[in-house]
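First comes the structure, then the notes that go with it.
The values are calculated or read from the model by the stated rules, or taken from the named source; none is laboratory data. All figures in this text were calculated on a predicted structure; none of them were measured in a lab. Neighbour counts run over all protein chains shown; Cβ positions are idealised from the backbone, glycine included.
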Amino acid sequence: ILICGSPDTVREILLAAEEINMVQNGEYVFFSIELFTSKSESQKPWHREEDTPEKNQRARKAFESLLTVTAPIPETPEYAEFSREVKNIAWKEFGFDYGTEEVNTFVTAVHEAVLLYVLAVNETLSEGFDITDGQVITEKMWNRTFEGITGNVSINSNGDRNADYALMDMNPKTGIFELVAMYYGASKQFIDIEGKRIHWAGDRQGPPPDTPPCGFDGSECPETPQYAIVTAILAALLIVLSIISILVYRHYKFEAEIASMSWRIKPEELTMNMSYKRHFDSKLSFTRLSGSNSFSCGTLTLADPSRQIFTKTAYYKSTLVAIKPLNKTKIEISRPFLLEIRMIKSLQHDHIARFIGACVDSPTCFLITEYCPKGSLQDILENDQIQLDWTFRYSLMHDLIKGMAYLHSSEVRFHGNLMSSNCVVDSRFVLKITDFGFHSLRVSDENVDSYDYWRRKLWTAPELLRMPNQSAGGTQKGDVYAFAITAHEIVVRQGSFFLGLSDASPKEIVENVKNGQNPPFRPFLDEERCDEKVVEMIRRCWSEDPSERPEFQALKSVIRKLNKDNDSGNILDNLLSRMEQYANNLETLVEERTADYLEEKRKAEDLLYQLLPRSVASQLIRGESVTAEAFDSVTIYFSDIVGFTALSAESTPMQIVDLLNDLYTCFDSIIENFDVYKVETIGDAYMVVSGLPVRNGNFHAREIARMSLALLSAVMSFSIRHRTNEQLKLRIGIHTGPCAAGVVGLKMPRYCLFGDTVNTASRMESTGLPLKIHVSPQTKEVLDCFGTFRLDLRGEVEMKGKGKVTTYCLLGEENATLLPEQTAVSDNKRCSKT
């Protein structure tokens with residue numbers, strides 16, 4: 001609330017505010033504007049000798065909400081001397097006695113006004129102007145500062161004085177109004193007085209808000225009905241109880257699922273084959289499950305040379321399943337074991353062998369998994385009768401990578417025992433991963449001197465071989481290393497860890513890998529045997545440093561590019577098998593191909609949008625014909641480098657290429673900020689147009705002019721790489737007029753401009769001056785309607801085919817600090833008639 005009145009009036013208003021409780025909590029702040037300053041009245045304006053102590057105390061409490069804005073009284077010797085002279089003159093000449101009152105600052109203002117007038121008159125006379133010319137004298141008073149009685153007196157460009165003001169606040173302890181802040185008009189600064197602060201009423205730490213929280217009439221804070229509060233509390237309790245109930249239900253459901261042991265299979269539920277199922281090794285039907293690992297996909301016995309292969313199977317619920325015997329007579333069913341069983345049973349993926357259940361009844365303990373009749377990957381690779389083309393090999397790698405990527409993203413986190421014998425193939429030749437999890441059930445009492453023990457270590461990463469307890473499990477990076485060894489098997493088909501002409505036992509190989517030779521000891525990989533991308537992928541995966549090995553998610557994109565061609569095959573059987581293999585994954589493959597196609601399509605469209613205007617490129621993409629179009633008014637920009645021929649003769653071709661690339665990369669980044677279209681660059685020539693293919697009224701001249709100024713400013717600070725001390729000189733010409741535009745050609749189509757306007761713009765550039773913007777009269781006529789551009793008359797210039805033409809030079813733009821929205825509104829008003 002602002003008050004401008006006498007001290008008594010201000011006091012009565014604040015007392016009235018105190019009666020209606022407006023000053024107790026500090027929600028309201030009162031400002032008093034003192035035109036006539038008096039120390040006796042301004043120090044304790046709340047106190048009156050004739051009033052009762054109770055009323056004075058009420059007034060003092062009310063005045064805590066008051067801030068006084070007043071003109072400061074200087075405390076300088078000059079001002080004190082001036083005050084004494086004024087009081088003497090007032091008494092001697094007018095009989096007025098000031099008494100103890102201060103001389104009002106308005107008196108000093110009148111005195112300083114006379115000084116200002118005298119200074120202006122003296123300057124007018126000294127410069128030879130007429131003393132009666134009031135306009136000249138008035139202008140001499142503007143924009144000046146001089147020393148007055150109150151200090152520096154500053155007059156602005158409007159002839160107004162930049163006055164200083166003081167902010168007074170009452171100290172609640174002493175009840176005296178003190179100076180807490182100053183506003184200096186010349187510098188427009190609000191400065192707090194050191195050691196002082198504003199004391200807000202109601203013990204507030206800061207000023208109150210513009211509007212009270214509940215509004216001025218309290219309507220913003222309606223009282224909440226009692227029933228609404230009760231309803232909200234009950235609703236909150238109901239939500240909390242619901243959440244607790246859901247959590248409890250999920251917990252008991254989880255515990256019940258674990259305790260149910262639905263995975264447990266009794267021996268009588270299995271229909272065991274009394275004689276092992278016999279498979280003959282042929283092109284389409286072969287099964288040989290490695291028996292080297294007691295935890296593999298079955299038990300095998302390699303019989304006589306007739307190549308008959310046996311595997312242990314059984315029927316469970318009319319489904320043929322694989323039996324994995326465990327070398328344990330008793331399995332302790334603990335909670336960690338049950339959690340692991342549940343985790344592995346929940347895995348569902350096309351490239352993961354499904355876990356069905358387990359038989360833990362002593363003395364028969366075995367696991368039951370999905371049966372894959374084609375055997376293990378190791379069997380397929382070692383069977384010379386199976387013809388594997390590169391498409392089929394890439395398909396196997398792809399399946400293995402996808403299965404491992406899923407396994408790493410699941411709760412299992414890692415395999416820990418990945419090798420070619422643990423990768424099985426189903427009837428559709430889809431590779432599936434098995435023998436993961438249940439690390440506690442692995443055989444630990446193996447003979448470390450056996451051939452089989454060291455052979456299984458061939459897939460173990462070197463950092464795991466160096467660990468003291470190698471049976472603790474594995475790591476994701478260790479799985480990537482094992483994949484590299486398996487992928488090498490797929491590529492060479494010479495067994496695990498093929499060393500070429502050299503030979504070594506599995507124990508020697510493992511020791512060499514463990515010792516970390518330089519270069520690292522790895523299998524022999526012939527680069528001419530397969531694609532170089534496969535060689536690079538394998539070498540990255542078996543890198544000595546685990547951090548350098550890629551993840552399976554990254555390998556999916558690599559192998560997908562190699563596995564694009566799935567139509568070729570060596571034999572009809574492989575072709576039919578691959579067709580069966582990808583039948584279940586057709587939808588996924590289509591999605592991947594569609595995503596690749598859309599990505600390539602986006603890249604092609606982005607490239608086309610850089611070569612042609614977006615509207616024209618969109619028409620071409622839709623298959624529509626692009627017809628030439630005439631434009632009534634556009635502005636064309638031409639520029640080239642002065643002395644480019646001489647510079648080219650003294651520079652190498654690569655230096656010229658670097659120069660033009662640096663310059664036009666800089667230009668391209670600048671023109672993106674304007675409504676223009678870059679037509680082309682030919683050598684050192686740069687051509688830009690505005691007003692097409694999308695018309696923009698008469699703003700094309702403004703856009704080209706602003707762009708020209710920006711490019712010219714960039715050239716002034718541009719540095720030539722091989723001649724850093726030379727200034728690059730750009731010659732610019734712009735012209736406005738009609739033209740036609742259209743797409744020309746089928747191969748490398750170009751969006752070209754035709755018409756006399758193009759020729760005239762080129763002539764404006766060729767007849768221009770270095771580091772100048774040459775403007776035609778047609779462009780100047782459009783720019784004048786904006787009223788912000790400064791142009792200088794160049795004069796008549798002889799122009800080929802045009803005769804003598806009066807041209808101009810664009811110097812700059814005024815009022816350039818306007819916001820884009822303000823500039824657009826201003827330009828629309830100026831150009832409405834145009």
When you go through Glu680, Glu629 one by one, which is the residue that is of a type in the set (Asp, Glu) and more than 37 Å from the chain's Cα centre (by Cα)?
Glu629
Give just the number: which of (1) of a type in the set (A, V, I, L, M, F, W, C); (2) closer than 23 Å to Ala487 by Cα; (3) modelled with pLDDT under 90; (4) part of a helix (DSSP H, G or I) does Leu400 not satisfy?
(3)
Considering only residues of the range 524-543 that are modelled with pLDDT of 90 or more and under 19 Å from Arg456 (Cα atoms), which is farthest from the chain's Cα centre (by Cα)?
Trp542
Residues (modelled with pLDDT of 80 or more, surrounded by 19 or more Cβ atoms within 10 Å (Cβ to Cβ) and under 19 Å from Phe498 (Cβ atoms)) located in the range 379-393
Asp379, Ile380, Leu381, Arg393
Looking at (1) assigned to a helix (DSSP H, G or I); (2) in contact with a helix residue (DSSP H, G or I) (Cβ under 9 Å, 6 or more places away or on another chain); (3) in the same structural domain as Val153 (by TED's automatic domain parsing), can you tell me which one Ala90 breaks?
(2)
Just for strands (runs of 3 or more DSSP E) wholly inside the range 112-198: which have at least 1 residues that are touching a strand residue (DSSP E or B) at 6+ places or on another chain (Cβ under 9 Å) and within 30 Å of Leu66 (Cα to Cα)?
151-155, 165-170, 177-184, 189-192
Counted residues, the range 478-505 - those being of a type in the set (D, E, K, R) and not in a loop (DSSP other than H, G, I, E, B):
2
In the range 60-87, the residues that are assigned to a loop (DSSP other than H, G, I, E, B) and either without any contact (Cβ under 8 Å) to a residue 24 or more places away in the chain or not small (Gly, Ala, Ser) (or both)
Pro72, Ile73, Pro74, Glu75, Thr76
Out of Leu270, Leu234, Leu247, report the one residue that is in contact with a strand residue (DSSP E or B) (Cβ under 6 Å, 6 or more places away or on another chain) and not β-branched (Val, Ile, Thr).
Leu270
Go through the range 653-675 residue by residue and tally those that are touching a residue at least 12 places away in the same chain (Cβ under 8 Å) and among the polar types (S, T, N, Q).
2
Residues of the range 631-651 that turn out to be without any contact (Cβ under 8 Å) to a residue 24 or more places away in the chain and loosely packed, with under 14 Cβ neighbours inside 10 Å, as a count:
4
Suppose the filter is in a loop (DSSP other than H, G, I, E, B), on the phi < 0 side of the Ramachandran plot and of a type in the set (A, V, I, L, M); does Val412 pass it?
yes
Filter pass, Ala617 being surrounded by 17 or more Cβ atoms within 10 Å (Cβ to Cβ) and under 30 Å from the mean Cα position of the chain (by Cα)
yes
Would you confirm, using the coordinates I've provided, whether Val782 is outside any helix (DSSP H, G or I), crowded, with 17+ Cβ neighbours inside 10 Å and either polar (S, T, N, Q) or in contact with a Lys or Arg (Cβ under 9 Å, 6 or more places away or on another chain) (or both)?
no
Which of the residues that make up the range 659-677 are assigned to a helix (DSSP H, G or I) and either exposed (fewer than 13 other Cβ atoms within 10 Å of the Cβ) or of a type in the set (Asp, Glu) (or both)?
Asn661, Asp662, Thr665, Asp668, Ser669
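Is it the case that Glu49 is assigned by TED's automatic domain parsing to the domain that holds Ile33 and without any contact (Cβ under 8 Å) to a residue 40 or more places away in the chain? Before you say what the answer is, go through the steps one by one.
Numbers: assigned by TED's automatic domain parsing to the domain that holds Ile33: yes; without any contact (Cβ under 8 Å) to a residue 40 or more places away in the chain: yes.
The answer is yes for Glu49.
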Can you tell me which residue is surrounded by the fewest Cβ atoms within 10 Å (Cβ to Cβ) among those in the range 170-187 that are free of Cβ contacts under 8 Å to residues at least 24 places away in the same chain and not polar (S, T, N, Q)?
Lys173
Name the single residue that is modelled with the lowest pLDDT among those in the range 461-474 being touching a helix residue (DSSP H, G or I) at 6+ places or on another chain (Cβ under 7 Å) and not aliphatic (A, V, I, L, M).
Gln470
Yes/no for Gly737 being of a type outside the set (A, V, I, L, M, F, W, C), part of a loop (DSSP other than H, G, I, E, B) and at pLDDT 85 or above
no
Scanning the range 687-725 for residues that are without any contact (Cβ under 8 Å) to a residue 24 or more places away in the chain and assigned to a loop (DSSP other than H, G, I, E, B), which turns out farthest from Val616 (Cα to Cα)?
Asn725
Members of the range 192-221 found to be more than 16 Å from Gln24 (Cα to Cα) and among the aliphatic types (A, V, I, L, M), listed by number
Ile193, Ile198
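Let's see how each residue does on (1) of a type in the set (A, V, I, L, M, F, W, C); (2) modelled with pLDDT of 90 or more; (3) more than 43 Å from the chain's Cα centre (by Cα):
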residue: Arg723; (1), (2), (3): no, no, no
residue: Gln727; (1), (2), (3): no, no, no
residue: Val744; (1), (2), (3): yes, no, no
residue: Pro749; (1), (2), (3): no, no, no
residue: Leu753; (1), (2), (3): yes, no, no
residue: Ile773; (1), (2), (3): yes, yes, no
residue: Gly812; (1), (2), (3): no, no, no
residue: Thr817; (1), (2), (3): no, no, no
residue: Thr823; (1), (2), (3): no, no, no
Kindly indicate whether any position in the range 8-27 is on the phi > 0 side of the Ramachandran plot, surrounded by 13 or more Cβ atoms within 10 Å (Cβ to Cβ) and in contact (Cβ under 8 Å) with a residue 40 or more places away in the chain.
yes
What is the residue count in the range 199-217 for residues that are surrounded by 14 or more Cβ atoms within 10 Å (Cβ to Cβ) and part of a loop (DSSP other than H, G, I, E, B)?
5
Check Glu147, Glu127, Glu139 and return the single one that is out of contact with any helix residue (DSSP H, G or I) (no Cβ under 8 Å at 6 or more places or on another chain), surrounded by fewer than 11 Cβ atoms within 10 Å (Cβ to Cβ) and among the acidic types (Asp, Glu).
Glu127
Contact list, first residue from the range 526-547 and not assigned by TED's automatic domain parsing to the domain that holds Val480, second anywhere and surrounded by 16 or more Cβ atoms within 10 Å (Cβ to Cβ) and not in a loop (DSSP other than H, G, I, E, B), beta-carbon distance below 7 Å, six or more apart or interchain, is none
From His722, His700, residue being touching a Ser or Thr at 6+ places or on another chain (Cβ under 8 Å) and surrounded by fewer than 19 Cβ atoms within 10 Å (Cβ to Cβ)
His722
